[in-house]
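Report on one structure; see the data block that follows.
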Amino acid sequence: MQRSFTTRYFPWLVLIPALAWFVLFVAYPFLYSLVSSFFLWFVQNPSASKFVGLKNYIDLFHDPRFVTAVRNTFLYAGLKTGLVVFLGIILAKTLFAIKFGGRIYMFSIFLPSLCSAVAIGLFFTYLYQPQFGLFNILLKQISIPRQGFLNSPQQAIYCVIFTEIWQALGFSTLIFLTGLNTIPEVFYEAAQIDGASAFTAFWKVIFPLARRVFLFITAVTAISAFQAFDLVFVMTLSGGGTGGASGGPGYSSYTMALQVYNDGMIRSQTGMASAVAFILFIIVGILTIFQLKVLKPEWEY
Amino acid sequence: MVSKRKIYIQEQVKSHAVSIIVALIMIIPFIWMILSSFKPGTEIVRMPPTFFPETFTTKNYVTLFQRLPFGRYFINSIIMSGGITLISMFSSSLLGYVFAKFKFRFKNFFFFLLLSGFMIPFATLVIPMYLFISSIHLTNHYLGLILPFCISPFGIFLMRQFMEDIPNDYMEAARLDGASELWIYSRIILPLTSAALGGVAIYNFLMTWNQLWWPLMVTSQPNMRTLPLGVAALALQQGKRYDLLITGASVSVIPIIILFAIAQKQIIKGLSVSSGLKM
């Protein structure tokens with residue numbers, strides 16, 4: 001069939017602006033990050049920047065802030081992904097069994113996922129407050145001495161991770177629940193007729209069918225956890241100042257994303273920030289390739 | 001069959017008990033936050049704490065709105081999120097359509113190129129992006145807030161998936177009748193994929209409404225702050241004034257609670273669709 005002029009060129013009319021956007025907001029920043037990570041980079045006068053090879057990367061591994069940031073980032077991703085997926089499955093299975101009232105439960109379980117990390121983070125700093133915060137009052141009831149929580153270098157990052165899990169649980173529950181709802185009823189019936197107990201039926205029959213959902217949630221949660229920024233930023237913000245120093249006490253609650261912000265925006269060490277940003281890219285890139293593989297349907301029921 | 005019925009009831013009771021406990025753990029902080037915003041500052045930091053306000057006051061809200069332009073923050077957030085949502089609905093669906101239904105050179109290459117934006121963490125791009133926006137003098141400008149999010153790689157991916165299922169005959173028939181490509185896009189393709197488009201809209205709106213990092217980078221003038229940034233700035237400037245922090249946090253969650261209460265079904269459906277699993 002002879003296609004009209006507009007039909008033939010329509011894709012290009014749509015694509016060209018999109019590609020221009022891509023060059024400006026993805027390709028250019030990405031290459032800028034990559035290139036400047038090999039330089040002692042001067043933002044105001046890039047031509048004066050000095051090529052230093054791998055020095056930024058080598059320096060990073062001797063920088064206790066970065067070592068802490070990497071440790072915290074993996075801790076964050078590991079704990080968040082593990083617990084959000086595990087608790088999400090259990091909660092979704094529980095909600096799935098319920099015949100009425102599920103809507104109200106889902107409302108409160110999913111609400112934290114919709115709200116801003118800033119609001120939630122700030123309210124939790126009130127709950128973590130050592131003198132009059134709820135958590136120390138609860139601990140006192142069971143005779144555990146007062147904890148420093150966000151004021152303690154050992155505990156701060158765990159306090160943020162706990163808040164993150166509290167906030168993110170609703171999302172994984174929702175996706176698991178959606179997954180369970182799409183499994184054809186016959187599978188549940190078949191499992192019951194076979195005389196399997198509810199527990200066996202779930203883990204042996206239903207769970208393998210929801211495997212793709214499981215892998216998807218794991219990948220999505222890990223990808224977002226590796227980029228942890230908002231909650232750490234607000235919960236460890238040392239207020240009263242003007243610089244907006246986050247990651248404290250000291251640098252004990254640094255994450256890699258937070259170090260990119262601190263080094264790039266506050267400490268004016270763009271080269272170092274770029275090196276951190278690039279290492280983060282490699283980690284997240286590997287996970288995303290895995291996720292895209294998972295998204296491709298392998299088989300149908 | 002008595003035993004089977006008994007097992008069923010036991011299971012229901014157990015499931016409801018677990019659900020109620022989890023639901024309470026999730027909702028109580030919100031209730032307490034909003035109740036606390038009506039307490040005087042001294043009651044908020046008192047030992048032992050109170051759940052319901054002993055002295056009911058709206059003074060915190062008055063102070064907050066007098067000291068900081070919270071109304072303006074709200075409008076800024078609406079402009080930023082609303083703008084990004086509308087533009088990305090348009091761009092995702094057009095690009096999704098092109099990738100799903102047209103044959104052209106390097107199609108797969110371009111598709112994966114645009115999708116690669118999805119693979120790169122925001123942290124990797126954010127500093128150069130800020131330097132670029134600042135070099136074209138768009139800091140403290142709505143365009144600076146909106147431009148980096150005009151195209152949603154994830155939205156393109158989702159729309160393409162849904163559009164591939166539309167039979168080609170529909171479009172060919174319209175073309176034979178002399179319909180333009182934009183007519184086909186808006187009158188045939190869009191109505192058939194409205195569920196996915198709704199998902200893209202809800203996903204993009206929520207992602208940007210709660211966003212902190214980018215507004216933090218590109219706005220330095222208080223009157224350009226978005227709602228989350230305004231609340232964070234409160235923590236920065238007022239330090240440990242928990243009365244103001246809690247009130248600021250309440251102001252930013254109350255609209256979301258109301259919205260969710262009104263449109264729970266649509267939001268949940270939209271977000272399930274946008275999980276991209278085509279479930």
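Here, each number is a calculation from the coordinates, and none is a lab measurement. Please read these numbers as outputs of a predicted model, since none were measured by experiment. Positions of Cβ are generated from backbone atoms using ideal geometry, with glycine treated the same way; all protein chains shown enter the neighbour counts.
By Kyte-Doolittle mean hydropathy of at least 1.0 and Cα axial length of at least 20 Å, which whole DSSP H helices of chain A are selected? All intermediate terms of the calculation are to be shown ahead of the outcome.
Details: long enough: A:5-22 (26 Å, 1.11); A:64-97 (49 Å, 1.17); A:156-182 (40 Å, 1.29); A:211-226 (23 Å, 1.49); A:270-295 (35 Å, 2.14).
Qualifying helices: A:5-22, A:64-97, A:156-182, A:211-226, A:270-295.
Positive end of the dipole of region A:63-295 (Cβ unit charges, origin at the Cα centre): among A:Tyr128, A:Gln147, A:Ile217, the Cα lying farthest that way belongs to A:Gln147.
Please give the average number of partner chain Cβ atoms lying within 10 Å of the Cβ of each residue in B:86-99, rounded to a whole number.
2
Going by a ≥ b ≥ c, the root eigenvalues of the Cα gyration tensor, does chain B fall in the rounded group (a/c under 1.5), the prolate group (a/b larger than b/c) or the oblate group? Taking the square roots of the gyration eigenvalues as a ≥ b ≥ c, chain B is oblate. For region B:224-230, backbone phi angles converted through the Karplus equation (6.51, -1.76, 1.60; θ = phi - 60°) give residue-by-residue couplings of 9, 5, 8, 4, x, 5, x Hz, Gly and Pro being listed as x.
The angle between the Cα long axis of helix B:242-262 and the main principal axis of chain B comes to about 40°, on a 0 to 90 degree scale.
Of the chymotrypsin sites (Phe, Trp or Tyr not before Pro) found in region A:109-161, the ones in coil according to DSSP and having at most 16 other Cβ atoms within 10 Å of their Cβ are A:Phe132.
Note on the protein assembly as shown: helix-only mean residue ellipticity at 222 nm, from DSSP H runs of 4+ residues weighted -39500 (n - 2.57) and normalised by residue number, equals -21500 deg cm²/dmol.
Straight Cα distances below 23 angstrom link B:Lys269 to the lysines A:Lys93, A:Lys99, A:Lys296, B:Lys278, with same-chain residues fewer than 8 positions distant left out. With a simple spin-label model that places each label point 7 Å from the Cα along the Cα-to-Cβ direction, the separation between A:Leu31 and B:Ser134 comes to 2.2 nm. With a simple spin-label model that places each label point 7 Å from the Cα along the Cα-to-Cβ direction, the separation between B:Phe52 and B:Arg187 comes to 6.2 nm.
Go through B:Leu138, B:Ile268, B:Cys150 and say which Cα lies farthest out towards the positive end of the charge dipole of chain B; charges sit on Cβ, +1 for Lys and Arg, -1 for Asp and Glu. With unit charges placed on the Cβ atoms, the residue in question is B:Ile268. Mind running the shape call on region B:127-267? Use the C-alpha gyration tensor, a ≥ b ≥ c as the square roots of the eigenvalues: rounded below 1.5 for a/c, prolate if a/b tops b/c, oblate otherwise. Verdict is oblate for region B:127-267.
Taken about its Cα centre, chain A carries a charge dipole of about 140 debye when Lys and Arg each add +1 at the Cβ and Asp and Glu each add -1 at the Cβ.
In region B:1-78, which trypsin sites (Lys or Arg not before Pro) fall in coil by DSSP and have 14 or fewer other Cβ atoms within 10 Å? Intermediate values should be presented prior to the final figure.
Numbers: sites: B:Lys4, B:Arg5, B:Lys6, B:Lys14, B:Arg46, B:Lys59, B:Arg67, B:Arg72; in loops: B:Arg46.
Passing sites in region B:1-78 are B:Arg46.
Taking label points 7 Å from Cα along the Cα-to-Cβ direction, A:Val67 and A:Glu189 give a separation of 6.2 nm.
Basic side chains Lys and Arg get +1 at the Cβ, acidic Asp and Glu get -1 at the Cβ, and with that the dipole of the protein assembly as shown about its Cα centre reaches some 320 debye.
If neighbour count is taken as other Cβ atoms inside 10 Å, put A:Leu215, B:Leu245, B:Leu94 in order from fewest to most. If you can, show how the numbers build up before the last one.
Details: A:Leu215 16, B:Leu245 29, B:Leu94 25.
By the 10 Å Cβ count, ascending, the order reads A:Leu215, B:Leu94, B:Leu245.
When the pairs A:Lys80/B:Lys265; B:Lys14/B:Lys39; A:Lys293/B:Lys4 are compared against a 31 Å limit on Cα-Cα distance, B:Lys14/B:Lys39; A:Lys293/B:Lys4 fall above it. So if we plug the beta-carbon distance of A:Gln131 and B:Ile25 into 1/(1 + (r/R0)^6) with R0 = 25 Å, what FRET efficiency do we get, rounded to 0.05? For A:Gln131 and B:Ile25, the calculated efficiency is 0.60.
Looking at chain A, the pairs of alpha carbons with a distance over 30 Å make up 50% of the total.
Pair-distance distribution of the protein assembly as shown: all C-alpha pairs, bin width 20 Å, starting at 0; shares per bin in whole percent are 19, 51, 27, 3, 0.
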